[in-house]
Amino acid sequence: MILYLVAIFEPLFVCTFAFRLIMDKKVEIVNRKAKYEYSFLQEYEAGLMLKGTEVKSLRSGNANLSDAYCLFNNNELFVKNMFIGEYEFGNINNHEPKRDRKLLLKKPELKKLHRRVTEKGLTLVPFKLYFSERGIAKLKIALAQGKKSYDKRQSIKEKDNKRDLDRIKKLTS
């Protein structure tokens, strides 16, 4: 009787263990250029409508946010030009790498974002793609304003100063 129960629950244990191993691997795709090009005013966390092969490809870290941008279409928010590579073990039903993907936000947030983007000339920038603790793909978008060239020079100068201070601290320690 006990041996029979172990035979039933052992595959279940192995599956949950394998799932936990996959979930422990942290996948974060970051658009570093966005922090340089824009000054972020507010950040939002949005869900993504993805196909199964897209999720599997994301778990392997096969994505790129460098050319991605957000647009409103019929009061819905879409991320365009975000690259998610084809799943290598996929079949004929594999996804398109640069298709438009719908972002999932609450209606009041969408209305507020739409109003701010149209009125003040701000833009929505996707800058971080990751999986939540529950294993759901999330995209962090920022309400941003483009930096002027002198702002960019200032951020470069601050970064250089920080790097120099870190070097000095490392040498004195």
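The values are calculated or read from the model by the stated rules, or taken from the named source; none is laboratory data. Source: prediction; values computed, not measured. Backbone-built Cβ (ideal geometry, glycine too); neighbour counts: all protein chains shown.
Identify the single condition in (1) within 14 Å of the chain's Cα centre (by Cα); (2) under 16 Å from Glu45 (Cβ atoms); (3) not charged (D, E, K, R) that Leu143 does not satisfy, given that it satisfies every other one.
Checking Leu143 against (1) within 14 Å of the chain's Cα centre (by Cα); (2) under 16 Å from Glu45 (Cβ atoms); (3) not charged (D, E, K, R), the one that fails is (1).
Does Lys169 meet the test of being over 25 Å from Glu43 (Cβ atoms) and part of a helix (DSSP H, G or I)?
Criteria met by Lys169.
Return the residues of the range 97-153 that are in contact with a helix residue (DSSP H, G or I) (Cβ under 7 Å, 6 or more places away or on another chain) and at positive phi; say none if nothing qualifies.
Listed by number, the list holds a single entry, Gly135.
Please determine whether any residue of the range 87-97 is surrounded by 12 or more Cβ atoms within 10 Å (Cβ to Cβ), touching a Gly at 6+ places or on another chain (Cβ under 7 Å) and not charged (D, E, K, R).
Yes, the range 87-97 contains a residue that is surrounded by 12 or more Cβ atoms within 10 Å (Cβ to Cβ), touching a Gly at 6+ places or on another chain (Cβ under 7 Å) and not charged (D, E, K, R).
So Lys106 clears everything in (1) modelled with pLDDT under 90; (2) exposed (fewer than 15 other Cβ atoms within 10 Å of the Cβ) except one condition, right? Which one?
Going through the list (1) modelled with pLDDT under 90; (2) exposed (fewer than 15 other Cβ atoms within 10 Å of the Cβ), Lys106 breaks only (1).
Quick one: which strands (runs of 3 or more DSSP E) lie wholly within the range 27-126 and hold at least 3 residues that are of a type outside the set (S, T, N, Q) and under 30 Å from Ile156 (Cα atoms)?
Passing ranges, in order: 28-30, 38-48, 69-73.
If I filter the range 80-92 for residues that are aliphatic (A, V, I, L, M), at pLDDT below 85 and over 29 Å from Leu143 (Cα atoms), do I get at least one hit?
yes
Here is a yes/no grid of residues against (1) over 26 Å from Lys26 (Cα atoms); (2) touching an Asp or Glu at 6+ places or on another chain (Cβ under 8 Å):
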| residue | (1), (2) |
| --- | --- |
| Phe72 | yes, no |
| Ile84 | no, yes |
| Lys98 | no, no |
| Glu119 | yes, no |
| Gln145 | yes, no |
| Ile156 | yes, no |
| Arg163 | yes, no |
| Lys170 | yes, no |
| Ser173 | yes, no |
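Is it fair to say Lys128 is touching a residue at least 60 places away in the same chain (Cβ under 8 Å), surrounded by 15 or more Cβ atoms within 10 Å (Cβ to Cβ) and in contact with a Ser or Thr (Cβ under 8 Å, 6 or more places away or on another chain)?
No.
State all residues of the range 137-171 that are modelled with pLDDT of 85 or more and either in contact with a strand residue (DSSP E or B) (Cβ under 6 Å, 6 or more places away or on another chain) or of a type in the set (S, T, N, Q) (or both); if no residue qualifies, say none.
Ala137, Lys138, Leu139, Lys140, Ile141, Ala142, Leu143, Ala144, Gln145, Asn161
Can you list residue pairs whose Cβ atoms sit under 6 Å apart, with the first residue in the range 145-159 being closer than 10 Å to Tyr36 by Cα and the second being surrounded by 12 or more Cβ atoms within 10 Å (Cβ to Cβ)? Count only pairs 6 or more apart in sequence or on different chains.
Partner pairs satisfying both residue conditions: Gly146/Tyr38; Lys147/Ser39.
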